[in-house]
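One structure is given here, and the rest of the page talks about it.
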Amino acid sequence: MATDSDYGAFMEKFILPPSSSTPGLPLSSLSFAVKELFDVEGPVTGLGNPDWARTHPVASSTAPAISALLNAGATCVGTTVTDEMAYSINGENVHYGTPRNPCAADRVPGGSSSGSAVAVGAKLVDFSIGTDTGGSVRVPSSYCGIFGFRPSHGAVSTSGVVPLAQSFDTVGWFARDPVILSRVGRVLLQLPEVTPIRPTRIIIADDCFQRSSIPHNLVAETFSKAVQKLYGDDVLKHEILGDYVKVRVPSLRHFMTDNSQSDQVYNIPSLAALSSAMRLLERYEFKNNHGEWVSTVKPDIGPGISERVSDALRATGENIDLCRSVKEEMRDALSSLLGDFGVLVIPTVPGPPPKLGTNAPELEIFRAKAFALLSIAGVSGLCQVSVPMGMHEDLPVSISLVAAHGADRFLLNLTERLYDLLKQDIVPASL
């Protein structure tokens with residue numbers, strides 16, 4: 001495993017050259033790293049856990065998503081550290097170490113694609129590849145002050161990627177600037193170059209921003225000013241998202257309780273219920289994927305994740321059909337809200353990255369707040385980009401844009417155009 005000289009981001013370093021030396025390929029001269037969930041022919045795909053690595057063979061082929069990047073001219077320089085079994089958004093790994101957050105060394109880097117985010121944030125590679133089930137690209141990109149893209153569910157092949165929960169699993173990517181983010185997206189999404197389309201509406205989720213610990217003027221207002229300069233006032237709208245979701249996703253009533261956790265930590269009951277439905281289905285699918293291996297091998301799994309795995313092993317099929325109904329209703333609800341070329345604007349996470357070594361109860365409260373936001377795109381399957389908004393009190397802050405399922409190219413183009421204005425008004429992160 002690599003050392004602190006590379007911020008502890010890498011599991012294994014190697015050079016996997018482009019598949020072709022043809023000049024002018026889309027990703028020529030760019031380097032990238034790969035989360036240790038993707039098969040790369042030769043090494044074992046270790047899933048962040050030594051017992052998994054010990055009990056699984058070397059990969060006999062390379063995941064199609066990685067092959068596509070190599071075919072486009074990029075060079076892979078290694079695999080990166082992940083939270084064990086990709087089952088955390090913290091970024092800490094008791095076996096292989098915690099990659100060092102390049103923006104704030106005393107804070108967690110975010111996970112589970114921690115090493116991939118750190119490798120980009122620390123300028124060790126041009127871009128990197130991760131996975132995002134519950135937030136594992138969006139969270140570390142926010143914490144490390146870089147761009148992170150979660151595509152529409154099913155838009156990028158997950159073949160050759162160890163699954164967590166197939167109903168939510170996506171292949172995502174990180175970059176320091178939106179131009180490279182788009183170049184990678186065109187390759188992975190197999191998209192042609194198109195003329196940027198003017199958004200029909202850009203909707204600020206006021207209730208979500210009101211509950212963020214980041215001052216409203218640093219993110220939502222700065223973003224709104226950029227939108228007004230580029231597109232005018234008429235495109236900006238406002239929505240109380242929690243109320244909208246409560247009405248338009250009726251199956252959520254089965255996941256709402258009088259003693260809702262949302263009353264304690266985020267106070268948007270419908271989004272807390274959305275998170276509950278998502279995590280129930282995630283546990284059920286994790287058990288189907290990995291329960292037999294966990295029960296047989298009894299792996300050594302670190303704190304926090306071990307309790308999560310134990311909870312998953314107790315999952316039953318109860319209410320799973322309701323979870324799937326919530327998924328369908330949530331996609332329909334947001335599709336109606338956004339149309340083909342609308343954008344929903346939300347905080348990526350509820351606040352700055354937690355400190356390293358934060359106690360478990362405090363982390364769990366923060367995790368619950370985060371999933372109230374992360375489940376919006378996670379459950380609906382819509383595409384989402386986390387956009388860095390500079391620094392506040394020496395910590396990175398971000399904003400997220402969510403667009404319709406299949407509108408990935410539109411969202412990438414919009415991010416490029418808006419960021420040209422946004423970067424004029426934000427305090428950049430620096431190493």
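For Thr358 paired with Glu318, estimate the spin-label separation in nm (one decimal), with each label point 7 Å from Cα along the Cα-to-Cβ line.
Label-label distance for Thr358 and Glu318, simple model: 3.1 nm.
What part of the accessible area of region 259-347, given as a whole %, is carbon or sulfur when the probe is 1.4 angstrom?
Numbers: 1660 of 3910 Å².
Carbon and sulfur together cover 43 percent of it.
Want the number for Thr200 to Glu292: 0.36 nm per residue separation, take away the alpha-carbon distance, what's left?
On the way: separation 92, 0.36 × 92 = 33.12 nm, distance 4.83 nm.
Here the segment from Thr200 to Glu292 would lengthen by 28.3 nm.
Which value, in Å² and to the nearest 10, is the accessible area of Leu412 when all protein chains are kept and the probe is 1.4 Å?
About 0 Å², ignoring ligands and nucleic acids.
Spin-label point model (7 Å from Cα, Cβ direction): what's the Lys13 to Glu416 distance in nm?
The modelled label-to-label distance comes out at 3.2 nm.
May I ask you to order 129-141, 237-249 by the average number of other C-beta atoms within 10 Å around their residues, highest value first? Working shown, then result.
Numbers: 129-141: 31.1, 237-249: 18.5.
Put in order of decreasing packing, that is 129-141, 237-249.
Can you give me the accessible area per residue for the chain, using a 1.4 Å probe, in Å²?
Numbers: 16150 Å² over 431 residues.
Computed with neighbouring chains in place, this is 37 Å² per residue.
Quick check: residue separation of Ser20 and Lys229 times 0.36 nm, minus the Cα distance between them. What number comes out in nm? Walk me through the numbers before you get to the answer.
Values: separation 209, 0.36 × 209 = 75.24 nm, distance 4.26 nm.
71.0 nm is the gain from fully extending Ser20 to Lys229.
Restricting to Cα atoms and excluding each atom paired with itself, what does the Kirkwood estimate give for region 285-350 in Å? Spell out each step's value before the answer.
Numbers: mean 1/r = 0.0659 Å⁻¹.
Mean inverse Cα-Cα distance, inverted, gives 15.2 Å.
Taking 0.36 nm per residue of sequence separation and subtracting the Cα-Cα distance, how much length would be gained by fully extending the chain between Glu193 and His95, in nm to one decimal? Mind showing how you got there, number by number?
Numbers: separation 98, 0.36 × 98 = 35.28 nm, distance 4.31 nm.
The span from Glu193 to His95 would gain 31.0 nm if fully extended.
Could I have the simple spin-label model distance between Ser60 and Asp243, label points 7 Å from Cα toward Cβ, reported in nm to one decimal?
The modelled label-to-label distance comes out at 5.8 nm.
The values are calculated or read from the model by the stated rules, or taken from the named source; none is laboratory data. Here the structure is a predicted model, which means the values were calculated and not measured. When we count neighbours, we look across all protein chains shown, and the Cβ atoms used for this are built from the backbone with ideal geometry, even at glycine. Just so you know, the surface numbers come from the protein's heavy atoms only, side chains and all, with ligands and any DNA or RNA stripped out. Shrake-Rupley method; radii C 1.70, N 1.55, O 1.52, S 1.80 Å.
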